[in-house]
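The block underneath contains the structure these notes are about, expressed in structure tokens.
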């Protein structure tokens, strides 16, 4: 069984296990190797980035996040809350995302949300805490549990890149919907987070971006290492 928090040894173990049980993932492993960890430090900044990434490209969200950090000096609940909703909109956030980010900061400052408690709680309890925050839906919660808390068996609901990769790898005629994705991914338990990383690697490789992504992950190793 995998550990509660995925580390690099478990990532390699999970990749080998998936390659043995699924020939399609085995071909990805043979071609791409063990995927990068692609992790983030748990906490407020990670959730802000996930909100910014909703329905936009990762590059656009990354640029916006860096602009916010540069202006605020740090990405903490108090620094972001002090900007106000209009201040966040002035930096390019939509009204909706500005409201979500400002509301998240307010909940943490008011002690309505404790992210350390979320991380320590049983997963379903922690997920319920996060889903109570406006702007943090199922996909956002899944990405937080996969990327920041590094749970080994999470399949992100409604992730478009994974849908495209599944269509390619499983040779499907159309993009699989959420239910179809869940049905396919069920066979990959208890390593669904590793399967997602393999498929993201394929998605990037098909667009000529995987080598750069691997270098970026290696450069960030110290920040994400267990």
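The values are calculated or read from the model by the stated rules, or taken from the named source; none is laboratory data. These numbers come from a predicted model, not from an experiment. Cβ atoms come from the backbone with ideal geometry, glycine included; neighbour counts cover every protein chain shown.
Looking only at the stretch 22-65, which residues are over 30 Å from residue 107 (Cβ atoms) and assigned to a loop (DSSP other than H, G, I, E, B)?
Start the filter on the stretch 22-65 by keeping residues that are over 30 Å from residue 107 (Cβ atoms), which leaves 22-36.
Passing the criteria: 22, 33, 34, 35, 36.
Does residue 201 qualify as being under 16 Å from residue 23 (Cα atoms) and modelled with pLDDT of 95 or more?
Details: under 16 Å from residue 23 (Cα atoms): no; modelled with pLDDT of 95 or more: yes.
Criteria not met by residue 201.
Condition check: crowded, with 16+ Cβ neighbours inside 10 Å and more than 23 Å from residue 139 (Cα to Cα). Does residue 93 satisfy that?
On the way: crowded, with 16+ Cβ neighbours inside 10 Å: yes; more than 23 Å from residue 139 (Cα to Cα): no.
So residue 93 fails the test.
Taking the condition of being in contact with a helix residue (DSSP H, G or I) (Cβ under 8 Å, 6 or more places away or on another chain) and outside any helix (DSSP H, G or I), how many residues in the stretch 85-111 meet it?
Number of matching residues: 3.
Every residue in the stretch 1-18 that is surrounded by fewer than 18 Cβ atoms within 10 Å (Cβ to Cβ) and in contact with a helix residue (DSSP H, G or I) (Cβ under 7 Å, 6 or more places away or on another chain), please.
Once the filter is applied, which keeps residues that are surrounded by fewer than 18 Cβ atoms within 10 Å (Cβ to Cβ) and in contact with a helix residue (DSSP H, G or I) (Cβ under 7 Å, 6 or more places away or on another chain), the stretch 1-18 yields only 3.
Quick check on the stretch 129-137. Is at least one of its residues more than 24 Å from residue 157 (Cβ to Cβ) and at pLDDT 95 or above? Can you show your working first?
Pass one, the stretch 129-137, residues more than 24 Å from residue 157 (Cβ to Cβ): none.
Looking for residues that are more than 24 Å from residue 157 (Cβ to Cβ) and at pLDDT 95 or above, one finds none in the stretch 129-137, hence no.
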